[in-house]
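**Q** I have a structure here, written as C-alpha cells, and I will follow up with some questions on it.
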2 protein chains.
Amino acid sequence: MSSIKEVAKQAHVSVATVSRVLNNDPVVKPATKNKVLQVIKEMNYKPNLLAKNLRKQASRTVVMVLPSMSNPYFSEIARGAQAAAYDKGYNIIIGTIESKRWILDTYINMLKTNLAEGIVFVSSSVSKELLETLVDEYSVVLCTEYYPGINAACVAIDNKKAGYEAARELIRRGHTHIAYIAGSSASSSVAARIEGYKEALNEAGIPFRPELIAGAKNKFEHVKEIVNGILGQGMQIDGILTHSDLQASYVLKGIKEKSIGLSDEVGLVSFDGTFVAEITNPTLTSIVQPLYDLGYTSVCKLIEKLQGESGDEEEGLILLPHHLEVRET
Amino acid sequence: MSSIKEVAKQAHVSVATVSRVLNNDPVVKPATKNKVLQVIKEMNYKPNLLAKNLRKQASRTVVMVLPSMSNPYFSEIARGAQAAAYDKGYNIIIGTIESKRWILDTYINMLKTNLAEGIVFVSSSVSKELLETLVDEYSVVLCTEYYPGINAACVAIDNKKAGYEAARELIRRGHTHIAYIAGSSASSSVAARIEGYKEALNEAGIPFRPELIAGAKNKFEHVKEIVNGILGQGMQIDGILTHSDLQASYVLKGIKEKSIGLSDEVGLVSFDGTFVAEITNPTLTSIVQPLYDLGYTSVCKLIEKLQGESGDEEEGLILLPHHLEVRET
DNA sequence: AATTATTTTGTAATCGATTACAAATCGGAA
DNA sequence: TTCCGATTTGTAATCGATTACAAAATAATT
C-alpha cells in the first residue's frame, strides 16, 4: 500500500507538500501541485483515512440506531439518513437493536472510542436513563420520539395533531366506538396521539373509554389477542386506530380469517403510510409520516451540531408535516 | 479525553504496560494488572480506536452494499449481516445504492482508504466490470447473485432448482399457461430460475413460449404494464411466477382493481417469502429464501477470508436451502 | 545590489495506540 | 554472596497522515 511518504519521494517534494495538495491548500505552486497530482495518479495513491482520522481526531462518521429493520417504517427513515450523510460527506452506520438491549452498547462504544462523532436514536431505541448519561458528553439527536427534559434535538411529527386527525376522520364517517391499538412502549408519541384522539372524541361529544386503548406489538398474534380482548369485554367497536401500518394489516388479516370478530366494515386508520398501506387488500387509510425526511433531517441536525462551534443552541423539537391519506379502509 | 499516557502516569507504569493490560497480555503481573484496571475504571478510560486501527492497519469494519432498503427482501439480508458482524466482533456499514450508481464509489473508497477491510455485494449492486477490478485487490463476497468467472465466494440459493419447484407447483395444480415476471436485471439468478422453469415445463410436456417471459421492476405500474402487455398479445395465462413478493402483490392489486385483466383464480407463486407474502390478501404462495442466513453467511465468509492466512481458497458457490411455502394463491 | 516582503517548501512534532527489544527485578542454585 | 534464568516492565520506533514553525526561494522595493 503506497503512503504519502512514497508519493513525496517520487514527486521530489516533502510529505507536507503532498498533504497540502491533497487538501487543496491554495498555497502550493500550481507547477508542483500538478507534479504531485501526476504522481498520485500514477501510483494510484489513496490517503489512509485511519491516519487522517487519528490526526484530526474526527472520523466523519455518525451512527443511527433503529429498533429494527424488518419494519418498512424504519427502512424509510434509514434511507433518508443515508442520503443526508452522503450529501454532507459523512459516513453513517445504521444499527439495529432487534430487541437485544446489549447490542446498543456496541453503538454507544463507537462514540466512546472515537469511531463515531454523533448518534441518532430512532423511536424508542434507547432508554431515558441512558440518554441522560449521554447527552452531556456526546452529540445526540432523537428521531420520532421525544423525551421531555432531555437536552437533545428531536425530529418528529406533531403526534397530537396526527392522533386528532386520525380520530376525526373516523368520527366524520360516523364511527363512535373507536379502539386505539397503541404502540407497545409507553412512549411520548403514543401519549400524544392518545391526547389528540381524546380531543377529537371530546369535540364530537363522544365519551372517552380507557378500555378501548391498548398497546400491542408489531406481531399478528399480539394484535389479534388485544383486539379480541377488547371485543371480549363486550365492547362494540366500529372503528380502529393502529399505531402502525403493520398492525393494521394484522387487523385486516384477522378479520378476513375470522380470528378477529369484527365486521369488515369497521373503519380503520393507521399511522405511517409505508408501502404496506398500499399492498393490503383493502388498502389502508393512514396518517402518512414524512419518514424519509425525518431520517434526513435528523442526520442533518446532528451534523450541524457537530460542525457548529457553540454547543448551546435551542435543541428543541423540530416538527415535520404529516398528512392523512384516505384509501379504502 | 483521557489517553493511554495519562492512564500510565496515574498508575505509575509505562504505556506499554497499560497496553498489555488492555490486550490481556498474560505476561503482566496480576498486581500491576489490577492496579491498571483500577485506574482505567476510575478515569473512565476508553482506548481510542482510531489510533489502534492505524497502528494495526485494520479497521475491523466490513461493508455490505444493497441495491435498496425499501424492499423487505434486502432488510432481512441486512439483518442477518448485522448479526454476523456482531457475533464476529466486527463493525458493519450497510449501504444502499438506490439506483444512484455513483454512490457505489463511496463504499468502494472505504476499501481503498483503509476504512473497511472487505465488502459484500448483494444482488446486482455492482457490475461485473467493476467487480473484476476489485476481486484481486480486496476481499469480496457476493450474496444472492453469482457472476461466472469472478473469483469471489458467492452465497445464494439454488435458483435453478427454485425456479423448477415454483413452476412445478403451478403445473401440479393444472396450470399450463404460466407467465414469468422476471427481475428487471439480466442477472444470473433470473437466468437460472428460467432454466428451472423450462425444465419443469419440459418434464410436463408443456411447450416453452418465450413471449410469456418478461422482466419487470418492483413498481406497480411496471408490473401492470408487463402483465397487460402479455395478455394483450392474446396470451391465455392461468399461472404467474414473479421474481419477488412485491411484484406478486402488485399482480394481486391489479387483479383486484381490474387494471390487470386476469381472473382471481390464476395461480401465483412468488419468490422471497418476506412478510409481504403474509399480509397480502390472499396470502402468497412463495419460494421462501433463507434471507437472514444469506446475509449472515455472506458476512461470515467475508470475515473468514479476512482472517484466513492463505488467500487462495475455493471461492465457490455456497448454496443455502430454500423451500416452497404454499399459502393462498 | 542590498534589503525587505512574499510566496513556497521543508522539518519535525503530533495524534494514541502497539510491539520489538532492552533493561530491570526477582528467585533460586552454587 | 554471586551468578543465571525467568519474569516483569520500560524505552522508543512505528503506523500515515496534519500542521506549526522555520527555512528557502522568489519577487518587490529602495
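The values are calculated or read from the model by the stated rules, or taken from the named source; none is laboratory data. On a predicted model such as this, the values are computed, not experimentally measured, just so you know. Virtual Cβ from ideal backbone geometry, glycine too; neighbours counted across all protein chains shown.
**Q** Would you confirm whether any residue within segment A:67-76 is within 15 Å of DNA strand D (Cβ to nearest atom) and either more than 30 Å from the chain's Cα centre (by Cα) or of a type outside the set (S, T, N, Q) (or both)?
**A** Looking for residues that are within 15 Å of DNA strand D (Cβ to nearest atom) and either more than 30 Å from the chain's Cα centre (by Cα) or of a type outside the set (S, T, N, Q) (or both), one finds none in segment A:67-76, hence no.
**Q** Could you check segment B:1-42 and list, in sequence order, the residues that are acidic (D, E) and either near DNA strand C (Cβ under 8 Å from one of its atoms) or assigned to a loop (DSSP other than H, G, I, E, B) (or both)? Step through it out loud before you land on a result.
**A** Narrowing segment B:1-42 to residues acidic (D, E): B:6, B:25, B:42.
Answer for segment B:1-42, where residues must be acidic (D, E) and either near DNA strand C (Cβ under 8 Å from one of its atoms) or assigned to a loop (DSSP other than H, G, I, E, B) (or both): B:E6, B:D25.
**Q** Right, something else. Which of the following residues is touching a residue at least 12 places away in the same chain (Cβ under 8 Å), more than 11 Å from chain B (Cβ to nearest Cβ), surrounded by 21 or more Cβ atoms within 10 Å (Cβ to Cβ) and touching a strand residue (DSSP E or B) at 6+ places or on another chain (Cβ under 9 Å): A:T274, A:T242?
**A** Values: A:T274 fails: more than 11 Å from chain B (Cβ to nearest Cβ).
Only one candidate qualifies: A:T242.
**Q** Just the residues that are in a loop (DSSP other than H, G, I, E, B) and more than 13 Å from chain A (Cβ to nearest Cβ), please, taken from segment B:102-135.
**A** Scanning segment B:102-135 gives B:S123, B:S124, B:S125, B:V126, B:S127.
**Q** Moving on. Can you pull out every residue in segment B:122-168 that is modelled with pLDDT under 95, β-branched (V, I, T) and within 17 Å of the chain's Cα centre (by Cα)?
**A** Correct list: B:V126 only.
**Q** Counting only residues that are modelled with pLDDT of 95 or more and of a type in the set (F, W, Y), give me the strands (runs of 3 or more DSSP E) lying completely in segment B:243-329 with at least 1 of them.
**A** Working: elements: B:267-272, B:285-288, B:317-320, B:323-325.
In segment B:243-329, B:267-272 are the strands (runs of 3 or more DSSP E) which contain 1 or more residues that are modelled with pLDDT of 95 or more and of a type in the set (F, W, Y).
**Q** For segment A:9-26, which positions are near DNA strand D (Cβ under 9 Å from one of its atoms) and more than 14 Å from chain B (Cβ to nearest Cβ)?
**A** Answer for segment A:9-26, where residues must be near DNA strand D (Cβ under 9 Å from one of its atoms) and more than 14 Å from chain B (Cβ to nearest Cβ): A:S14, A:V15, A:A16, A:T17, A:V18, A:S19, A:R20, A:V21, A:N23, A:D25.
**Q** For the condition over 32 Å from the mean Cα position of the chain (by Cα), at pLDDT 95 or above and more than 13 Å from DNA strand D (Cβ to nearest atom), what is the one hit in A:K35, A:K88?
**A** The unique qualifying residue is A:K35.
**Q** While we're on this one: In segment B:46-67, what residues are facing chain A (nearest Cβ under 7 Å) and among the hydrophobic types (A, V, I, L, M, F, W, C)?
**A** Across segment B:46-67, the qualifying residues are B:L49, B:L50, B:A51, B:L54.
**Q** Does at least one position in segment B:147-156 carry a residue that is surrounded by 23 or more Cβ atoms within 10 Å (Cβ to Cβ), assigned to a loop (DSSP other than H, G, I, E, B) and touching a Gly at 6+ places or on another chain (Cβ under 9 Å)?
**A** no
**Q** Considering only segment B:1-50, how many residues are hydroxyl-bearing (S, T, Y), surrounded by 14 or more Cβ atoms within 10 Å (Cβ to Cβ) and without any contact (Cβ under 8 Å) to a residue 40 or more places away in the chain?
**A** The qualifying residues number 3.
**Q** A further question follows. Just to verify a result, which residue in segment B:43-55, among those that are touching a Ser or Thr at 6+ places or on another chain (Cβ under 9 Å) and hydrophobic (A, V, I, L, M, F, W, C), is nearest to DNA strand C (Cβ to nearest atom)?
**A** Restricting to residues being touching a Ser or Thr at 6+ places or on another chain (Cβ under 9 Å) and hydrophobic (A, V, I, L, M, F, W, C), the top hit is B:A51.
**Q** So B:A58 ticks every box in (1) away from DNA strand C (no atom under 11 Å from the Cβ); (2) of a type outside the set (K, R); (3) closer than 30 Å to B:V13 by Cβ; (4) not in a helix (DSSP H, G or I) but one. Which box is left unticked?
**A** That leaves (1) as the condition not met.
**Q** So B:I119 ticks every box in (1) crowded, with 19+ Cβ neighbours inside 10 Å; (2) β-branched (V, I, T); (3) modelled with pLDDT under 95 but one. Which box is left unticked?
**A** (3) is the only condition that B:I119 fails.
**Q** Of everything in segment B:68-89 that's surrounded by 21 or more Cβ atoms within 10 Å (Cβ to Cβ) and not in a helix (DSSP H, G or I), which residue is farthest from the other protein chains (Cβ to nearest Cβ)?
**A** Only one residue tops the list, namely B:N71.
**Q** I need the full set of residues from segment B:202-224 which are out of contact with any Lys or Arg (no Cβ under 9 Å at 6 or more places or on another chain) and in a helix (DSSP H, G or I), in order please.
**A** B:N202, B:P210, B:E211, B:L212, B:E221, B:H222, listed by residue number.
**Q** Which members of segment A:90-101 meet the condition of being buried (at least 18 other Cβ atoms within 10 Å of the Cβ), in a loop (DSSP other than H, G, I, E, B) and free of Cβ contacts under 8 Å to residues at least 40 places away in the same chain?
**A** Result: A:I97, single match.
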